[in-house]
1. Can you report the number of residues in region 94-126 which are out of contact with any strand residue (DSSP E or B) (no Cβ under 8 Å at 6 or more places or on another chain), among the polar types (S, T, N, Q) and touching a residue at least 12 places away in the same chain (Cβ under 8 Å)?
2. So which residues in region 208-221 are touching an Asp or Glu at 6+ places or on another chain (Cβ under 9 Å), under 26 Å from Phe169 (Cα atoms) and either of a type in the set (A, V, I, L, M, F, W, C) or surrounded by fewer than 19 Cβ atoms within 10 Å (Cβ to Cβ) (or both)?
3. Just to be sure I understand, how many residues within region 61-76 are open to solvent by 30 Å² or more (accessible area, probe 1.4 Å) and either modelled with pLDDT of 95 or more or assigned to a helix (DSSP H, G or I) (or both)?
4. Hey, does region 118-130 have a residue that's within 25 Å of Glu15 (Cα to Cα), open to solvent by 40 Å² or more (accessible area, probe 1.4 Å) and aromatic (Phe, Trp, Tyr)?
5. Taking interchain pairs and intrachain pairs at least six residues apart, which have beta carbon atoms under 7 angstrom, with the first residue in region 1-21 and part of a helix (DSSP H, G or I) and the second open to solvent by 40 Å² or more (accessible area, probe 1.4 Å) and modelled with pLDDT under 95?
6. Quick check: anything in region 182-201 crowded, with 19+ Cβ neighbours inside 10 Å, farther than 17 Å from Phe99 by Cβ and at pLDDT 95 or above?
7. Name the single residue, out of those in region 82-91 being of a type outside the set (S, T, N, Q) and over 19 Å from Asn123 (Cβ atoms), that is surrounded by the most Cβ atoms within 10 Å (Cβ to Cβ).
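The values are calculated or read from the model by the stated rules, or taken from the named source; none is laboratory data. Because the structure is predicted, anything quoted here is derived from the model rather than measured. Methodologically, a virtual Cβ is constructed for each residue, glycine included, from the backbone with ideal geometry; neighbour enumeration extends over all protein chains shown. Only protein heavy atoms, including side chains, enter the accessible area calculation; ligands, DNA and RNA are left aside. Shrake-Rupley method; radii C 1.70, N 1.55, O 1.52, S 1.80 Å.
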Amino acid sequence: MKILIAGGSGQLAKEFILEFEKRNINFLAPNEKEFDVTNKKNIETVVSSYKPDIILNCSAYTDVENSSLNKNLSYLINRDAVAYLAEQAKITNAKFIHFSTDYVFDGKKQCPYIETDKTNPLNDYGQSKLEGETEALKYNNSLIFRLSWLIGNGKQNFLYKLSGWTKKFKTINVSCDEISVPTFAFDVVKYVLMATDKNLTGLYHLPNSGSASRYELALEFIKNMKIPVEIKPVPMSSFPTKAVRPLYSVMSNKKISEQLNVNIPDWKTSLKYFVSNMAHSV
C-alpha cells in the first residue's frame, strides 16, 4: 500500500506520518512547494509519478478569521484543490480521504449534529469546506471526516495558543458559550486507518466523545499541566472578531463508532494522554 499525503507539514499530517513510520507503511509527504494542491498540473504530475493507493488530503485553509478577506485562497484550497485531488484519485483508482469541519453547521440545533443534519455555514471558511465536501463526494471511493477543535503537535490549535498566553498573563479570559468537541489528532489517525481497513466510504463525524466550552477545555488543560494561572469565563461576544462562528457545533460520533464497533475516548481522557505524552510541544 502506498499513501500520498497532501498538506504534509500540518499537525494532522504529522500524526499520520508518525503512525505510518511505526507501521512501516509506504508513504510520500512532499512539502507544499513540491506538491502544490492549488496547481492542477502539479497534482497530476505528482500523482501519476507516485501512483498511490490512497490520496490523503490533510491540506486546508484554516484561518477562520481571515477566510472572507482571503476568499479566493480559501476556496482555492478548501474546494478547488479537493476537486483536483478527487479527480486524480478517480483517474488512478486510488481511495481519497478528506477532512472537513463542524463549522458547516450554524449552531442552532443545541444537540449533537449527525451526518444527515442540514448544513448552514456562518462564514466563508465553513462554506468553502462544505463545498469541498461536495467535490469529494462526487467520487464514490472517497471517505470524508468532519473534525472539530483539532489538537495535535502543531501551532494551529487552541492549546498551543493558550500555552503561549500562560507565559505572558496571570489571568486569561476564555469564552464559555462556544461549545464543541476537543478532538485529538492521534485519535483521528487511529480511527481513520481503521475505517480505511474496513474500506468505508462516505461522510462521517469523527470528534472525540463528550463536549466542552473553550473555557472548560482551558480549565482542564491548565489543571493537567499544573500551570498557576486564572482562567476567567467570558462570553464569545466580548472578543471582537471578523468571522461569525457557531456557538454550538458539537457533533455525534455514533455513526463511525457503530461502523467500527469502537468507543471513541472522551476528550478529557485524550487530553490527559496528550499532556503526559505530547504537550511538551505546545
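1. Pass one, region 94-126, residues out of contact with any strand residue (DSSP E or B) (no Cβ under 8 Å at 6 or more places or on another chain): 103, 106, 111, 116-124.
From what is left, the residues that are among the polar types (S, T, N, Q) are 116, 119-120, 123.
Going one step further and asking which of them are touching a residue at least 12 places away in the same chain (Cβ under 8 Å), we end up with 119-120, 123.
Going through region 94-126 one residue at a time, the tally reaches 3.
2. Within region 208-221, the first condition is being touching an Asp or Glu at 6+ places or on another chain (Cβ under 9 Å), and the residues that meet it are 208-210, 212-215.
In the following step, the residues that additionally are under 26 Å from Phe169 (Cα atoms) were identified as 212-215.
Selection gives Ala212 alone.
3. Initially, region 61-76 is screened for residues open to solvent by 30 Å² or more (accessible area, probe 1.4 Å), giving 62-63, 65-66, 68-73, 76.
Within this subset, residues satisfying the condition of being either modelled with pLDDT of 95 or more or assigned to a helix (DSSP H, G or I) (or both) are 65-66, 71-73, 76.
Selection size over region 61-76: 6.
4. Of the residues in region 118-130, the ones within 25 Å of Glu15 (Cα to Cα) are 125-126, 128-130.
Now narrow it down to the ones that are open to solvent by 40 Å² or more (accessible area, probe 1.4 Å): none.
Checked against the condition, which is being within 25 Å of Glu15 (Cα to Cα), open to solvent by 40 Å² or more (accessible area, probe 1.4 Å) and aromatic (Phe, Trp, Tyr), region 118-130 yields no hits at all.
5. Gln11/Asn153; Gln11/Gln156; Lys14/Asn153
6. no
7. Looking only at region 82-91, we keep the residues that are of a type outside the set (S, T, N, Q), and these are 82-87, 89-91.
Subset that is over 19 Å from Asn123 (Cβ atoms): 83-87, 89-91.
On the way: Ala83: 17, Tyr84: 21, Leu85: 29, Ala86: 23, Glu87: 18, Ala89: 24, Lys90: 15, Ile91: 11.
Among residues in region 82-91 that are of a type outside the set (S, T, N, Q) and over 19 Å from Asn123 (Cβ atoms), the one surrounded by the most Cβ atoms within 10 Å (Cβ to Cβ) is Leu85.
Results for (1) hydrophobic (A, V, I, L, M, F, W, C); (2) assigned to a strand (DSSP E or B); (3) open to solvent by 70 Å² or more (accessible area, probe 1.4 Å); (4) over 21 Å from Gly210 (Cβ atoms), shown as yes or no for each residue.
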residue: Arg146; (1), (2), (3), (4): no, yes, no, no
residue: Lys155; (1), (2), (3), (4): no, no, yes, yes
residue: Gly164; (1), (2), (3), (4): no, no, no, yes
residue: Lys168; (1), (2), (3), (4): no, no, yes, yes
residue: Asn173; (1), (2), (3), (4): no, yes, yes, yes
